[in-house]
1. Taking amide hydrogens as modeled 1.01 Å from N in the peptide plane, which residues meet the under 5 Å criterion relative to Ala218, leaving out close sequence neighbours?
2. Output the direction-averaged projected area (hull surface divided by four) of the convex hull of the alpha-carbon atoms of segment 83-149, in nm².
3. Return the tail of the calculated pair distribution for segment 46-87, meaning the percent of Cα-Cα pairs more than 14 Å apart.
4. Just to check I understand the Karplus step: with θ = phi - 60° and J = 6.51 cos²θ - 1.76 cosθ + 1.60, what whole-Hz values come out for segment 125-131, glycine and proline as x?
5. Per residue of segment 202-213, in order, report the coupling 6.51 cos²θ - 1.76 cosθ + 1.60 (Karplus, θ = phi - 60°) as ³J(HN,Hα) in whole Hz, putting x for Gly and Pro.
6. Using θ = phi - 60° and the Karplus curve 6.51 cos²θ - 1.76 cosθ + 1.60, what whole-Hz ³J(HN,Hα) does each residue of segment 91-102 get, with Gly and Pro shown as x?
7. Can you list residues from other chains, or at least 5 along the same chain, whose modelled amide H is less than 5 Å from the amide H of Ser117?
8. Report, by chain and number, residues whose modeled amide H sits under 5 Å from the one on Arg110, excluding near sequence neighbours (fewer than 5 apart, same chain).
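All of the numbers you see were taken from the coordinates with simple rules; none came from a lab. All values derive from a computational prediction rather than experimental measurement.
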Amino acid sequence: MQKAGKVTIGTQEVQIPAGAARLNGNLDLPAGASGLVLFAHGSGSSRLSPRNVYVAQHLRAEGLGTLLFDLLTEAEAADRANVFNIDLLTQRLLAAGDWLRAQELPGPLRFGYFGASTGAAAALQAAALRPGEVGAIVSRGGRPDLAERYLERVTAPTLLIVGGSDPLVLQLNEAAYALLQTEKELVVVPGATHLFEEPGALEDVADREGLWFRRYLAPDTPANPSA
């Protein structure tokens, strides 16, 4: 049983129970939030990823709450095998959702998943395992191929964003896109590499993510628009 607590408007540092582990997180809820996006960071990263922090700030400016949290403890992250253990990362993302649902939130909030790199595979797998718990998914420079056997089971509208100068990841995303049976879109950002470090690239990505989440996490959007 998850321990319930009151979540207030603004910024809170939280600890999320996941079995024996305790995962550090930053939960931010703007007033009147229309949805809440859970971030699954990529391999070798953490809740402090500057790219994810930037995107989270952008989403909050558009009225969406964000939860950035560490999928692994510091000791776990030191073992490289854990970084690519998609089953483990998926369970951590599901544990974060369970924890949030046990809290006293300021009103009903639909959840979205955002995943980068290996975190995208965890987001897609988690959405496939619990199809009613997530309203939208965004993958940025993700590795959806690592969740290949789950892709046909994903029902949440899914946006895949890839850099045009990231050929291997683009190829993997194109193959994953073909397997998805839900409402979906594949966006290729011209000239962008894997980390979207080119001028204007990350801003473009943040705009597209915000539009996708606002569209599908709005309170009056059907739970499964593709059904």
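1. Placed amide hydrogens put nothing under 5 Å from Ala218.
2. Answer in nm², one decimal: 4.5.
3. When all Cα pairs of segment 46-87 are counted, 56 percent exceed 14 Å.
4. So the Karplus estimates, Gly and Pro as x, are 5, 4, 5, 6, 6, 10, x Hz.
5. Karplus values, whole Hz, x for Gly and Pro: 5, 5, 4, 4, 4, 4, 5, 5, x, 4, 5, 5.
6. With the stated coefficients, segment 91-102 comes to 5, 5, 5, 5, 5, 5, x, 4, 4, 4, 5, 7 Hz.
7. Those lying under 5 Å, H to H, from Ser117 are Arg140, Gly142, Arg143.
8. Hits under the 5 Å cutoff: Leu36.
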